[in-house]
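One structure is given here, and the rest of the page talks about it.
The values are calculated or read from the model by the stated rules, or taken from the named source; none is laboratory data. Quick caveat: nothing in here was measured; it's all calculated off a predicted structure. Methodologically, a virtual Cβ is constructed for each residue, glycine included, from the backbone with ideal geometry; neighbour enumeration extends over all protein chains shown. What goes into the accessible areas is simple: the full protein's heavy atoms, side chains included, and nothing from ligands, DNA or RNA. Shrake-Rupley method; radii C 1.70, N 1.55, O 1.52, S 1.80 Å.
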Amino acid sequence: MLLVLADEHKEHLGFLNEVEVEVVKEFCRIAMEFIRSGPNPKLYQSAAQKLGVASETVQHGVEGLMFLLTESARYMISEIDFQDSIMTLGFSDDLRSVLLQLYLSNRGEIRTVLSEMSMDLPHYHNLEWRLEVTVAGRTLRHQVTPRLMMKLHTQDSGEKDVQVLQTDPVNLLHLTQVLEGALSEMKSTHCRRIVRNIK
Amino acid sequence: MELSTEVQEGLQLCGDSAQISDPAFNFLVKSACETLLQGRQRDRDVLDDPSVTQADPAVLKQVFASLTTLLLEAAKHNTDSTNTSSLLEDCKMSPDRIEAFNNVYMSNRTELQSVLSSTGSGFPHIVDVDWRLDYYIKNNHLDHVNEPTYLVTLKTEEPGSSELKDVQFACTVEQLQDMVGKLKDACKSMEKASQT
């Protein structure tokens, strides 16, 4: 699929065409830093002074580059499509190959960063268990009740949660059987067909 | 098994035919047991029953409390009829009444013990599990995620609450495999422990 760039976006990126390739590479590095840790206004100031342009121009250039990268990574754009998309910007061949390299080498990382921003449900992290036998309690002496104690670790966007649960032998077997059935459902023809066809 | 003075006094009153007639005694022992096993709905009916209307209400109350205490304490310590008999003899109860009590006690002892074992504190107890398999296609930041996701709901019972509480979490195929692997280990070690 081709990326359609807005006119404003094209304007911002047009700045990259006016500077040397080395400077563009520097901008690429700044854009990646922006994606990883957020903007750094001081850098824009010093770069603008060195190049003799307004710091706003530098900022727009970097942000434009960053937006180009995130949108391409989001839609998993192929090499050819990426090159075709930036064709409209009128960049030199050198510049185009630099941008392509930047995109391909950082695509995985950008997707990881984007996935951290997206909604997450509390998901399973670890399960610890131990087998115990209750021998007595305040309400009843002389017991021999087997009990399985479990600690369920879950994580929700970085926040960890621990829950202590218990179960008895019969329910443990039932639980294991039901979840094994759930796993085998992945291997059914229906699920395989869906996984194959939605790409 | 030790009983407090009030309970022992109550048992003595219970054995006294002048205060509690024979039919009243039989009724009281049975209804004490039923109240313990079935809940508090029967409390009011006890005072209305014809066999106990001649007795003094204060005496009735003490006798009923002593009988329920004795039933619970005996079940708690898993005492047999010889022990309860000697205890009731110390409270000067007639052998007929002792036998009547023991019959009710012994025939309901296991049920009383299961009520006692489910009373008390504990952690949420898993009784059932629901699951759902979703295919995660995209979100508002990222396209082509394409990952199958399981949503698992563990249904738990907590002591003191009649409703089931849910513990929900999501997992990928690998995470569910990890969890099922650990559960299978637990099953195996449970089987080994039960064989030794």
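Can you tell me which of B:PHE27, B:PHE123, B:PHE64 is among the hydrophobic types (A, V, I, L, M, F, W, C), open to solvent by 20 Å² or more (accessible area, probe 1.4 Å) and either touching a strand residue (DSSP E or B) at 6+ places or on another chain (Cβ under 7 Å) or at pLDDT 90 or above (or both)? Reasoning before the result, please.
Working: B:PHE27 fails: either touching a strand residue (DSSP E or B) at 6+ places or on another chain (Cβ under 7 Å) or at pLDDT 90 or above (or both); B:PHE64 fails: either touching a strand residue (DSSP E or B) at 6+ places or on another chain (Cβ under 7 Å) or at pLDDT 90 or above (or both).
It is B:PHE123.
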If I ask for residues that are open to solvent by 30 Å² or more (accessible area, probe 1.4 Å) and assigned to a helix (DSSP H, G or I), which ones from segment B:52-61 would you list? B:PRO57, B:ALA58, B:LYS61
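Tell me, which residue of segment A:6-29 that is assigned to a loop (DSSP other than H, G, I, E, B) and under 21 Å from A:PRO39 (Cβ atoms) is modelled with the highest pLDDT? Talk me through it step by step, then tell me what you get.
The first filter runs over segment A:6-29 and keeps only residues assigned to a loop (DSSP other than H, G, I, E, B), leaving A:6, A:18-20.
If we keep only those that are under 21 Å from A:PRO39 (Cβ atoms) as well, we get A:6, A:19.
Details: A:ALA6: 81, A:VAL19: 77.
Checking each candidate, the answer is A:ALA6.
Restricting to segment B:66-114, what's the tally of residues that are of a type in the set (A, V, I, L, M, F, W, C) and touching a residue at least 60 places away in the same chain (Cβ under 8 Å)?
The number of residues fulfilling the criteria is 10.
Would you please name the residue that is surrounded by the fewest Cβ atoms within 10 Å (Cβ to Cβ), looking only at residues in segment B:126-161 that are among the acidic types (Asp, Glu), farther than 21 Å from A:LEU152 by Cα and out of contact with any Leu (no Cβ under 7 Å at 6 or more places or on another chain)?
Taking segment B:126-161 first, the residues among the acidic types (Asp, Glu) are B:128, B:130, B:134, B:143, B:147, B:157-158.
Remaining after also requiring farther than 21 Å from A:LEU152 by Cα: B:134, B:143, B:147.
Right, trim to out of contact with any Leu (no Cβ under 7 Å at 6 or more places or on another chain) and you get B:143, B:147.
Values: B:ASP143: 18, B:GLU147: 13.
It comes out as B:GLU147.
Kindly indicate whether B:LEU164 is open to solvent by 30 Å² or more (accessible area, probe 1.4 Å), of a type in the set (A, V, I, L, M), more than 9 Å from chain A (Cβ to nearest Cβ) and farther than 20 Å from A:VAL162 by Cβ.
Details: open to solvent by 30 Å² or more (accessible area, probe 1.4 Å): yes; of a type in the set (A, V, I, L, M): yes; more than 9 Å from chain A (Cβ to nearest Cβ): yes; farther than 20 Å from A:VAL162 by Cβ: yes.
Spelling it out, B:LEU164 is indeed open to solvent by 30 Å² or more (accessible area, probe 1.4 Å), of a type in the set (A, V, I, L, M), more than 9 Å from chain A (Cβ to nearest Cβ) and farther than 20 Å from A:VAL162 by Cβ.
Against the definition (out of contact with any Phe, Trp or Tyr (no Cβ under 6 Å at 6 or more places or on another chain), at the interface with chain A (Cβ under 8 Å from one of its Cβ atoms) and within 20 Å of A:MET150 (Cα to Cα)), how does B:VAL180 come out, yes or no? Reasoning before the result, please.
Numbers: out of contact with any Phe, Trp or Tyr (no Cβ under 6 Å at 6 or more places or on another chain): yes; at the interface with chain A (Cβ under 8 Å from one of its Cβ atoms): yes; within 20 Å of A:MET150 (Cα to Cα): yes.
Yes; evaluated as a whole, the condition is true for this residue.
May I ask you to say which residue of B:GLU34, B:GLU89, B:GLU2 is of a type outside the set (Ser, Thr, Tyr), open to solvent by 80 Å² or more (accessible area, probe 1.4 Å) and part of a helix (DSSP H, G or I)? It would help to see each step written out before you state the result.
Working: B:GLU34 fails: open to solvent by 80 Å² or more (accessible area, probe 1.4 Å); B:GLU2 fails: part of a helix (DSSP H, G or I).
It is B:GLU89.
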Tell me the residue from A:ARG74, A:ARG36 that is open to solvent by 70 Å² or more (accessible area, probe 1.4 Å) and in contact (Cβ under 8 Å) with a residue 40 or more places away in the chain, please. A:ARG36
Filtered residues of segment B:100-113 (kept if surrounded by fewer than 18 Cβ atoms within 10 Å (Cβ to Cβ) and in contact with a Ser or Thr (Cβ under 8 Å, 6 or more places away or on another chain)): B:MET106
Residue hits (segment B:141-161; of a type in the set (S, T, N, Q) and within 7 Å of chain A (Cβ to nearest Cβ)) are B:ASN146, B:THR156
Given the conditions (1) in the same structural domain as A:GLU79 (by TED's automatic domain parsing); (2) open to solvent by 30 Å² or more (accessible area, probe 1.4 Å), which single one is not true for A:MET186? (1)
Of the criteria (1) open to solvent by 40 Å² or more (accessible area, probe 1.4 Å); (2) under 30 Å from A:SER46 (Cα atoms), which one A:MET66 fails: (1)
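Based on this model, can you work out whether A:MET87 counts as among the hydrophobic types (A, V, I, L, M, F, W, C) and crowded, with 20+ Cβ neighbours inside 10 Å?
No, not satisfied.
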Failed criterion for A:SER37 (all others in (1) out of contact with any Ser or Thr (no Cβ under 9 Å at 6 or more places or on another chain); (2) within 13 Å of another protein chain (Cβ to nearest Cβ) hold): (2)
